[in-house]
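The values are calculated or read from the model by the stated rules, or taken from the named source; none is laboratory data. From a predicted model like this one, the values you see are computed outputs, not experimental measurements. So basically every Cβ, Gly included, is an ideal-geometry build from the backbone, and we count neighbours across all protein chains shown. Ligands, DNA and RNA are stripped out before the accessible areas are found, and what is left, the full protein with its side chains, is counted by its heavy atoms. Shrake-Rupley method; radii C 1.70, N 1.55, O 1.52, S 1.80 Å.
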Amino acid sequence: MRTIVVIGGVAGGMSAATRLRRLDANAEIIVLEKSGFVSYANCGLPYYIGGVIEDESALLLQTPESLFSRFRLDVRVSTEALSIDSVKKIVGVKNLATDEIYELNYDKLILSPGASAVVPPIPGIERALTLRTVEDMDRIVARVSATPNSAVVIGGGFIGVEIAENLVHRGIKTTLVEATNQLLAPLDPEMATLVSAEMQRRGVELFFGASVVNVLADSVELSSGAQIPAELVILAIGVRPELSLAQEAGLTIGPRRGIAIDEFNRTSNLDIYAIGDAAEKIDSLDGGATLVPLANVANRHGRIVADHINGRSIRSVKTIGTAIVKVFDLVVASTGWNEKRLAATEVPFAVIHTHPNSHVGYYPGAKPMTLKLLFHPITGEIYGAQGVGTEGVDKRIDIIATAMRGSITAPELADLELAYAPPFGSAKDPVNMLGYISENIISGLIKTAQWSEVNDYQDRGFQLLDVRNPVEFLAGSLPGAINIPVDEIRERYSEITNHNLLVTCQVGQRGHVATVLLNQLGFNAINLDGGYLLWSNSPEVFKIPALL
Ligand SMILES: Cc1cc2nc3c(=O)[nH]c(=O)nc-3n(C[C@H](O)[C@H](O)[C@H](O)COP(=O)(O)OP(=O)(O)OC[C@H]3O[C@@H](n4cnc5c(N)ncnc54)[C@H](O)[C@@H]3O)c2cc1C
């Protein structure tokens, strides 16, 4: 009988262990988990802190007993793997409850030890709490229950914004400090401003471009010298792969500082596999190494490893990094590469922003969203997408992520037959619309300009033409724009003296109609992608108070 030892008993580790058992009734499968809990829902931890999830036991999906009962797994909690001898195939183990130290032999070893929170060397940082495990959560809940007057969350990534939201739910005055100039790094800045606005609207004070340099007794000091009240300090500036065991075992560490793996998640020692946050992934766009600390990938790779150990043929699946987060009333989702990352490469790309409704406007309850699509300007290969809105964002990003997986190009999004009735979508779904627009761009029917290029076009002598109605125009417009509503262009185009026009409307749709008309009338017209709405939300226009 072979013995398979799994280190880490949560997302990746437990997916591997249960699949292993389903494929092999006889193997000895031992799972080592150093925390007191196994198979817990770490994604749900922030919501118990906020009181949204009221019953802690709802987060504890399995116990060692339930896993033994159903799968005959030998799950040992409060048990830490201390060392790996990859030559003798032995794991050194410590029972943290009894301090007993012993050894386990293995035939195959699976590493799923996750990632640990990055803790910067700042004076007083030991007062800051991090969130990875149920025990971490209980520590934070104990502090939150003592109703502190103020909290500072350091870090504006997914976990930072989730915790900030949940502290607000608890009625705690919350400040979020972020060292870069935006929240949620997978988003591009013009999308991230929508998230900042929502957080500010819900009472979270934001500081960008600011780092915490000192954690004091009841405040934090920023790089500017300012002090912010902080009875509670949460640290969420990111995670780094848990590498200590892998390094000690002599396994190769990859260029992104995760455990290097092949397409079957084998490490440099073929009897040791690595999955989840600790392991590097293969990026589906450039084939390079990447880190994607997300639950879906950890679970999927757990299954792949179990299949490979059992000699099943598997699909080697690369990752695109699809993620979603709730920020108060907003749904924020992204997949693939963002513009920042593409711009740092030689890869040519085109960008579309749209502001569709979640379903047809005439059916009650339609909610606007902002979508962004990035694709190759000739082949149409989809590089990535982002969405921010209150409803329907998850569906659209998931469709695009699926399209990317299936190598469906941007124009082919127009061909997708998506379920439609008025309460759910539109006959031309927002995803179909992205397909239509990308086809217009790739075929050369229209040219578009980005919000960040407006000044550039003006410097090059382009006249800004706003084709909204006068009421909209007077309520706010781009500096220097003239106004001729789209429906009056045929009668009034002789008033336009400039041949080169940058056309704008509210969201880009009327601008598109006007642009194709003006081009047929002999002008050189370019449509402002995303319209006035996107421009007015852009980081250069929408100022967030930053303490630099
Ligand atoms: C607060 C929070 C919210 C999240 N929300 C989301 C979300 O909404 N969506 C999403 O996709 N992802 C989310 N994630 C990320 C997701 O949980 C991880 O990507 C996923 O759990 C990684 O799985 P893993 O098996 O690699 O590591 P984990 O699930 O973290 O499990 C690793 C386990 O290994 C144990 N361990 C480590 N070293 C040893 C050792 N030497 N011996 C024994 N045991 C050891 C640890 O105690 C830990 O329990 C969230 C994570 C956190 C912390």
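Overview of values
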read-out: Whole-number accessible area per residue in Å² for segment 171-318, which is evaluated in the context of all protein chains at 1.4 Å; value: 40
read-out: Mean separation of Cα contacts under 8 Å, 6 or more apart, over the residue count of the chain: relative contact order %; value: 12
read-out: Trypsin sites (Lys or Arg not before Pro) lying in DSSP loop within segment 290-349, provided at most 16 other Cβ fall within 10 Å; value: 312, 315, 318
read-out: Residues with amide H under 5 Å from that of residue 116, placed H, sequence gap 5 or more; value: 240, 242
read-out: Carbon + sulfur, % of accessible area of the chain - ligands and nucleic acids excluded, 1.4 Å; value: 52
read-out: Among beta bridges that DSSP assigns inside the chain, antiparallel share in %, nearest 5; value: 55
read-out: Magnitude of the charge dipole, the chain, Cβ model with Lys/Arg +1 and Asp/Glu -1, debye to 20; value: 720
read-out: Assigned charges on the beta-carbon of Lys, Arg, Asp, Glu; segment 269-392 dipole about Cα centre (debye); value: 260
read-out: Long-range HN-HN contacts of residue 273 with modeled amide H, under 5 Å; value: 109, 110, 111, 267
read-out: Residue among 118, 397, 168 farthest towards the positive dipole end of the chain, charges placed on Cβ; value: 397
read-out: Farthest positive-ward along segment 324-412 dipole, Cα basis, beta-carbon charges - from 371, 361, 328; value: 328
read-out: Unit charges at the beta carbon, dipole of the chain: most positive-side option, 420, 534, 181; value: 420
read-out: Beta bridge orientation in segment 41-183: antiparallel %, DSSP, nearest 5; value: 70
read-out: Accessible-area value, residue 248, 1.4 Å probe, nucleic acids and ligands omitted, Å²; value: 100
read-out: Segment 31-44 - phi-based ³J(HN,Hα) in whole Hz, Karplus 6.51/-1.76/1.60, Gly and Pro as x; value: 10, 9, 9, 7, 6, x, 10, 10, 6, 8, 8, 4, 5, x
read-out: Formal net charge of residues neighbouring residue 188 (Cβ-Cβ distance under 9 Å; K, R +1; D, E -1); value: 0
read-out: Under Karplus coefficients 6.51, -1.76 and 1.60, residue-wise ³J(HN,Hα) of segment 282-294 in Hz, glycine/proline x; value: 9, 6, 6, 7, 10, x, x, 6, 8, 10, 10, x, 10
read-out: Entries in 318/428; 89/318; 88/281; 340/395; 372/428; 108/318 that, when Cα-Cα distance is taken, lie over 21 Å; value: 318/428; 89/318; 88/281; 340/395; 108/318
read-out: Dipole magnitude (debye, nearest 20) for segment 219-293, charges at Cβ of Lys, Arg, Asp, Glu; value: 80
read-out: Under-5 Å amide H pairs with residue 253, H placed in peptide plane, nonlocal only; value: 260
read-out: Average accessible surface area per residue within segment 474-519, 1.4 Å rolling probe, Å²; value: 51
read-out: Value of relative contact order over segment 330-462, rounded to a whole percent, pairs C-alpha under 8 Å and six or more apart; value: 24
read-out: For segment 60-134: accessible area per residue (Å², 1.4 Å); value: 52
